[in-house]
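Inspection log for the structure reproduced underneath, given as structure tokens.
The values are calculated or read from the model by the stated rules, or taken from the named source; none is laboratory data. Just so we're clear, the structure is a prediction, and the values are computed from it rather than from any experiment. FYI the Cβ positions are ideal-geometry reconstructions off the backbone, even for glycines, and counts take in every protein chain you see.
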Amino acid sequence: MRRQRGPFIHGNAQLAARPGETITRSQTLLFAASVGIIVTNLFAPQTLVGLIGPSLGAAEWESGFVSMATLLGYAAGLFFLVPLSDLVENRVLVLRMLCAAALAAAIASLAPSEASLLAVLFVLGAACSCIQVLVPLAASMAPPGQDGRVIGDVMSGLMIGILLSRPLASLVADAVGWRAFYALNATALALLAILLGLTLPRRRPLAQASYAALIASLLDLLRQEPVLRRRAFTASLVMAAFSVFWTAVALRLAAPPFELSQKGIALFALVGAGGAAVTPIFGRAGDRGWTRPATIFCHLGVVAALGLAAWAGTTTSGSWLPLMLMGVSAVLLDIGVTGDQTLGRRAVNLLQPKARGRLNGLFVGIFFIGGAVGSLLAGIAWAWGGWNAVCAAGAVFGVAALVVDWVG
């Protein structure tokens, strides 16, 4: 009996690590679309604070809490919910989190006060962390040696969702109000839960520890894996540069000589979506063993983008050229950020199959901390030295990432 149990358990472990079916092109597109839809909830509030605060009677200084609540909830989900993907069957976990997100978005559309809205947005952000269950699930279905390609394809959907969330939210709210935006999101999340319930394969995790032990193991994983520490750190640096730029660029575009309206700024944000188109290229570069040169290229791109943005933003000419160059800098910046994150996710997903959920939670949680720092510094830099100070702050983060590349 004991001799028979060994192969039986080993076979189940292999099945748990990689689902029986190999991911198809249509499934890859579904994963990409899913994470793109879900992630809109995280960044859309940044363009809605000017509408939500006054409608709920909030003071002007309290408006920023709206965008903060969702991101804080997401960070909490990364550290306390995503580790469950190493303990709970992944399909069930994703569906439950999606249902919670749909319910939270529906309640948000009816929130009577700022306090109630902040509470439900925190829950919405936490439930949206199911993104970080879907990404490693897709990677586990990839054919051997093609993890980077699959991650890159799924990440393109994620980054398109991030980049389109701001203009989409702004345009919907401008047409039918911010409450309608959350009502539409609730509907989209509910339909997505139904679709994924019909199509997602089952993936049983390999870990057999308790939930408390999994949470305690996060610090152990951080200590044990130098690749995780390095990739998460550089990802946090480039995400800080990304947040510095996108937090302050609307202020610059509203000022002379650009003087764009809210709709014009929303359309400018669409330009950045072009950067996500190259995400699969970086995944394939990682599969071919070009991770280090591709990473350095991404970080050089971040520094170059912010230098170009600084030059374009200092012009006093009313011609179309400075605006076009500002758009080019946005695309170049987004290419650098998405490329770095794609290469980082690939490297992290290859470390420990048993700990994929926790590794992804740590990786994304750390780079979201970088994003929060960048958002904070953007306002300070703008008030202190205007657009040049903003671009300089972002460039410092890019240079720091290059230093890490050199040392590493």
- Condition met for Arg223 (surrounded by 15 or more Cβ atoms within 10 Å (Cβ to Cβ) and more than 21 Å from Lys263 (Cα to Cα)): no
- Query: Which condition does Leu42 not pass, out of (1) among the hydrophobic types (A, V, I, L, M, F, W, C); (2) surrounded by 16 or more Cβ atoms within 10 Å (Cβ to Cβ); (3) modelled with pLDDT of 85 or more; (4) over 20 Å from Ala250 (Cα atoms), if it passes all the others?
  - Reply: (4)
- Check off (1) small (Gly, Ala, Ser); (2) within 19 Å of Gly177 (Cα to Cα); (3) modelled with pLDDT under 95 for Ala105 and give me the number that stays unchecked. (3)
- Kindly list, by first and then second residue, each pair from a residue in the stretch 394-408 that is touching a residue at least 40 places away in the same chain (Cβ under 8 Å) to a residue that is among the β-branched types (Val, Ile, Thr) and surrounded by fewer than 17 Cβ atoms within 10 Å (Cβ to Cβ), limited to pairs with Cβ atoms under 6 Å and residues at least 6 apart or on different chains. Asp405/Ile296
- Among Val278, Val238, which is the only one that is closer than 20 Å to Ala401 by Cα, hydrophobic (A, V, I, L, M, F, W, C) and in a helix (DSSP H, G or I)? Val238
- Query: Can you find even one residue in the stretch 194-212 that is surrounded by 20 or more Cβ atoms within 10 Å (Cβ to Cβ) and assigned to a helix (DSSP H, G or I)?
  - Reply: no
- Message: Looking only at the stretch 373-408, count every residue that is in contact with a Leu (Cβ under 8 Å, 6 or more places away or on another chain) and closer than 15 Å to Ile296 by Cα and tell me the total.
- Response: 7
- Message: Taking the criterion of being surrounded by fewer than 24 Cβ atoms within 10 Å (Cβ to Cβ) and not in a helix (DSSP H, G or I), would at least one residue in the stretch 359-369 satisfy it?
- Response: no
- Going through the stretch 81-126 one residue at a time, which ones are of a type in the set (Gly, Ala, Ser), more than 19 Å from Met68 (Cβ to Cβ) and not in a helix (DSSP H, G or I)? Ser109
